[in-house]
Structures are given as structure tokens and as C-alpha cells.
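Remarks on the structure that follows.
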Amino acid sequence: MTRTILLIMVLAAVAVSLGAGPTSLTLGDISFDLSVQADKRVNEYSYPDLVFTPSRQDWPDSTVIVFSSPELDLKVKVSPVNSYLSQAWFFDVRADFKQETWLHELILTMDNLQAPVSAELKGVRAIQSRDPSLNRTIGPFMDKAVEFSNGDERFWIVASGYAGCEGVEGLSANQIVLYDYRAHFFRQFDQVTRLNSLLRNAMYKQAGDSHRWGFLLFSEKPLLLDINRWPGDRKAALCISNDADDESLNRLKAVFEGSNNPANPRYYTKGFFARNIPISTTIFGVNQPALGDMWNLIHANGNRIGWHTYTMQEDPPGSNEQAILHDLAHLNIRCWIDHSVPFNPEDIAYNGLYPDSLQFVGDVINQSNIDYIWPGDTPHTNPFNAYDEAWRLPHRVYEATSLTKPVWFFGRTRCEVWEYHGIYNPLSMKYMMTPDNLDALIAARGLHIAYTHLCQWQSDTVYSF
């Protein structure tokens, strides 16, 4: 008798009422129809919708809804979880691909005409304080928690911080965003238009591949922690990345050591070393004879060394491999930053990822310690906080199939010159690194990745900022 009662309770937790359709879910007092919104890229500029047919199976411990299309089967398994202080259901979502597909967008939606589903409080701070003014866009690399209304009822979806919660890229309106092309932005150079215009932001999958996501739905307010993503008591992160254009020994010594003259009072009382400000600075491998010792010193003082291709033009065959994997391996180069598309055909945004190109460098990256890539592409938008555009955060580019290990692409904010020229240049460190911008970054607990040049001009009439 006890076993029968328990079985009925479990079924009640996940099953739907009689007569409901195959996509209807009733979870406690919460009810909605689950549907899928998806499209794919065909050729360069065509994005047809995927058409799904739903089916359903109810089991004693779960409900499984399968959305089938010619391209893939999306399986959503809903199971009750009783190990938390609040009643919860775990959504285990898996896409099994049946043919080669360039998936552009994949979203689960929750619909109920009588009791519409709507995001009310977005983010842990908004939920904890009951203050909609603290709502924020929920995207990658943040706590993913949203309080939804369902008519007069409330429920909470949590897609991070709990076991099994992974992969979800966003929560908004009545949607759970599984894949968002906007968070995977990457454009390759088009030799016809002479622009970075070939979008490569789809999730590329072959037949037989799979991908999974997980999130929780709570019918009572769950335990939520407002976790600081930055180490210690830091409230935001500011990263300076220097492109090596026109670098020289005297200029590098001035910026890092305070002066190129040991007799100068600024020597090791000013500059990055004295201020203990670590940055990422890129190098051209061809400059090793003149600058190699300075690079070693910069690296020894806690800075990261990145790669800006071997030369400022087309690189000699094998030069990137020899430098990154052998001559300069001691610098532990972990970041590749393209230089001047299309003048460097080795650039990732140009020919660097094409195995049939003479400038292919994907094989070098696969063997190296490089984990991050900035492709030579700077869209017109220029937010100070990388969280304002999700693609500026580290992201996977699934169409970069010649990369056989996880490599993270990212965007940067243009602070193009370090120098003060005595003229108004809004895209410079002088006009970007303002107290207002920095205060806003701290308030948002954000991330700024500056794109600048420490050595753009070698002139006594130009002063470092």
C-alpha cells in the first residue's frame, strides 16, 4: 500500500492532466506548454526554421518529451528532485544530431494562454531584494536565476550553481536559451567584399554528435547565492592587452620600467612594474633578437605574453611553428591576437583556420599552449563592459573545426592608443579610462578587456598616458 501511494505521488509530480497535449507539463501548481524555436544556416545567408514533431513518454520517475526534426532529436527529460529544501524538477536536455547541421539558434519556450509565463525578477540580487530595478540580462558567465510568473503562481528557473546545471546560455521573457548565435560571434574575411563579413557563429555538428544542457525548475524560492566571480574582494576586472605594432626596446622599457634610463627618477618608481599592474602584451616573433631579453623580463614580472603573428606581413613558412613551439616556448604563450587583416594571411580571421591554405596555423595552435584567440575584427559597437555583449566574453566557435582542442575566442574594447596626442581621440586610453566608466564597471561587477597599443608612435612630442 505504501509503495502504491509513493508511486502516485511521483507521477503527480511530473505527469500532466488527462487530455493535455504531448508538450504540456504540470509541475505542482505550475503549468505550461513546452515548445522549441530553432533555425540553422544554409549556405551563407539563408536561415530556415527547423520544424519539430513532438512525442511523449511518461514513466514512474520522469516524463520525456522528444522534439524530432530531420536535423536532430531534442530530448527533454523532466524528473522530480527531492534533495533540496524547495521542491524542484531537473530538466535534462540532449540534442542528438541526425545530419550535418549548422545550428544558429535553439530556444525552449514556456507558453500558457490562460496564465502567461513571464520573467519578473532576473538575477540573484533582484530576486533576493524583490527589486525589479536590479534586473539584468542573464547570459554567459553569470549566475543564471530568474523568477517567473505563471498567472498568479511563481516559479524559479536556475541554470547554474547546482549539480547538473550547465550549458544554458540565457534566460529571458518565457525562454530558456540553449544556443544563441549572438554569444558566439565570429566573422571571417571575405576576399570578394574585402571585409570581415562571413559569419561563423553557428553550432556545427555532424551526424552522430550530441550536446546536452541541464537546469532546475523550483516551485518554491530556492537557496540562491550571490557569488562574486572575481578573486578575493575584487568587484570588477580590467584587463589591458597590448598589440605589438611598432614596439621598440626604449618604449617598452619606459612603459614597464618607468624609463629607459636607470638614472631617471622614474626608473622603477613609475611604470607597470613599479605599480604592480600585470598586463597581456603581444610580440612579433621576428623581433626576438632585439627584444627577447625584454620579453623575458616582462614575463618574469608576472605579465602574459601573447602572439601577434611572426611578422607584420605574410609570415615565412614554418616561422610560427618554430617560434611558438620551440624558440619562445619558455614564454608560455596562451593567447593569439590577429594582426592587421588581411595583410597577415596567417590571421585566424583570414586563412589561419583553413587546412588547405599555405598560411594554415591551426595545427600549430593545436600543439601549443594557446587557449584564447582574438580574431582581427572590431565591430562598430564598443561597450566598456564586455558583459554588455555576450560574444565579447570567452566563447567557443564551433565552426573552427580545424582546432582540435578547446580554444576560447573573445572580443576587446577599443582603447586604440596609449599615447596622448594633444587632440581629441575618443577611442584612446585617455578618453576611455574615465572615473565614470570605471565606477559603472565596478557597480556592474563587470569585465573590461582593453585593446590598445603601447608603442604606436616613437616621438618625443608624444607622451604616454
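If you go through the range 185-194 one residue at a time, do you hit one that is of a type in the set (Asp, Glu) and either within 22 Å of the chain's Cα centre (by Cα) or not assigned by the TED database to the domain that holds Arg94 (or both)? Break it down stepwise before answering.
So the first thing to find is which residues in the range 185-194 are of a type in the set (Asp, Glu), and the list is 190.
Next cut, either within 22 Å of the chain's Cα centre (by Cα) or not assigned by the TED database to the domain that holds Arg94 (or both) only: none.
Checking the range 185-194: not a single residue is of a type in the set (Asp, Glu) and either within 22 Å of the chain's Cα centre (by Cα) or not assigned by the TED database to the domain that holds Arg94 (or both).
Condition test on Asn296, is it under 31 Å from the mean Cα position of the chain (by Cα), under 20 Å from Cys239 (Cα atoms) and either in contact (Cβ under 8 Å) with a residue 40 or more places away in the chain or surrounded by fewer than 16 Cβ atoms within 10 Å (Cβ to Cβ) (or both)?
Numbers: under 31 Å from the mean Cα position of the chain (by Cα): yes; under 20 Å from Cys239 (Cα atoms): no; either in contact (Cβ under 8 Å) with a residue 40 or more places away in the chain or surrounded by fewer than 16 Cβ atoms within 10 Å (Cβ to Cβ) (or both): yes.
No.
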message: I'd like to know if the range 205-213 contains one or more residues that are at pLDDT 95 or above and either open to solvent by less than 20 Å² (accessible area, probe 1.4 Å) or among the β-branched types (Val, Ile, Thr) (or both).
response: yes
- request: Look at Thr381 and say whether it is in a loop (DSSP other than H, G, I, E, B), polar (S, T, N, Q), over 22 Å from Tyr310 (Cα atoms) and in contact (Cβ under 8 Å) with a residue 40 or more places away in the chain.
  value: no
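Let's see how each residue does on (1) more than 23 Å from Asp245 (Cβ to Cβ); (2) open to solvent by less than 20 Å² (accessible area, probe 1.4 Å); (3) among the acidic types (Asp, Glu):
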site: Ala323; (1), (2), (3): no, yes, no
site: Trp336; (1), (2), (3): no, yes, no
site: Val341; (1), (2), (3): no, no, no
site: Asn344; (1), (2), (3): no, yes, no
site: Asn385; (1), (2), (3): yes, yes, no
site: Val407; (1), (2), (3): yes, yes, no
- request: Name the residue, out of Arg154, Arg182, Arg194, that is modelled with pLDDT of 95 or more and more than 26 Å from Asp73 (Cβ to Cβ).
  value: Arg154
- request: Take the range 63-107 and flag every residue that is of a type in the set (Gly, Ala, Ser), closer than 16 Å to Leu178 by Cα and touching a helix residue (DSSP H, G or I) at 6+ places or on another chain (Cβ under 9 Å).
  value: none
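Specify the residue that is nearest to Lys205 (Cα to Cα); the eligible residues are those in the range 36-71 that are among the polar types (S, T, N, Q) and surrounded by 16 or more Cβ atoms within 10 Å (Cβ to Cβ).
Initially, the range 36-71 is screened for residues among the polar types (S, T, N, Q), giving 37, 43, 46, 53, 55, 57, 62-63, 68-69.
So of that shortlist, the ones also surrounded by 16 or more Cβ atoms within 10 Å (Cβ to Cβ) come out as 62-63, 68-69.
Numbers: Ser62: 28, Thr63: 27, Ser68: 16, Ser69: 15 Å.
Checking each candidate, the answer is Ser69.
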- prompt: How about the range 409-450: which of its residues are in a loop (DSSP other than H, G, I, E, B), closer than 21 Å to Asn242 by Cα and in contact with a Lys or Arg (Cβ under 8 Å, 6 or more places away or on another chain)?
  reply: Phe410, Gly411, Arg412, Leu427
- line: By my count, strands (runs of 3 or more DSSP E) wholly in the range 44-124 with at least 1 residues that are closer than 30 Å to Leu199 by Cα and without any contact (Cβ under 8 Å) to a residue 40 or more places away in the chain are 53-59, 62-68, 72-81
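State yes or no: is Asn332 at positive phi, of a type outside the set (Ser, Thr, Tyr), in the same structural domain as Arg412 (by the TED database) and at pLDDT 95 or above?
yes
Could you list all residues from the range 279-291 that are exposed (fewer than 15 other Cβ atoms within 10 Å of the Cβ) and either without any contact (Cβ under 8 Å) to a residue 12 or more places away in the chain or under 22 Å from His448 (Cα atoms) (or both)? Steps first, please.
First, the residues of the range 279-291 that are exposed (fewer than 15 other Cβ atoms within 10 Å of the Cβ): 289-290.
The answer is Pro289, and nothing else.
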task: For the range 176-183, state whether one or more residues are in the same structural domain as Ala95 (by the TED database), surrounded by 17 or more Cβ atoms within 10 Å (Cβ to Cβ), in a helix (DSSP H, G or I) and among the aromatic types (Phe, Trp, Tyr).
output: yes
Selected residue (criterion: farthest from Leu224 (Cα to Cα)) from residues of the range 107-123 that are within 20 Å of the chain's Cα centre (by Cα) and either open to solvent by less than 20 Å² (accessible area, probe 1.4 Å) or acidic (Asp, Glu) (or both): Ile107
field: Close pairs from the range 319-330: first closer than 16 Å to Phe360 by Cβ, partner surrounded by fewer than 20 Cβ atoms within 10 Å (Cβ to Cβ), Cβ under 7 Å, at least 6 apart
entry: Leu325/Gln367
message: Among the residues of the range 219-234, are any open to solvent by 70 Å² or more (accessible area, probe 1.4 Å), closer than 30 Å to Tyr354 by Cβ and not assigned by the TED database to the domain that holds Pro345?
response: no
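The values are calculated or read from the model by the stated rules, or taken from the named source; none is laboratory data. Everything numeric here is computed off the predicted structure, so don't read it as measured data. Methodologically, a virtual Cβ is constructed for each residue, glycine included, from the backbone with ideal geometry; neighbour enumeration extends over all protein chains shown. Side chains included, ligands, DNA and RNA excluded: accessible areas come from the protein's heavy atoms. Shrake-Rupley method; radii C 1.70, N 1.55, O 1.52, S 1.80 Å.
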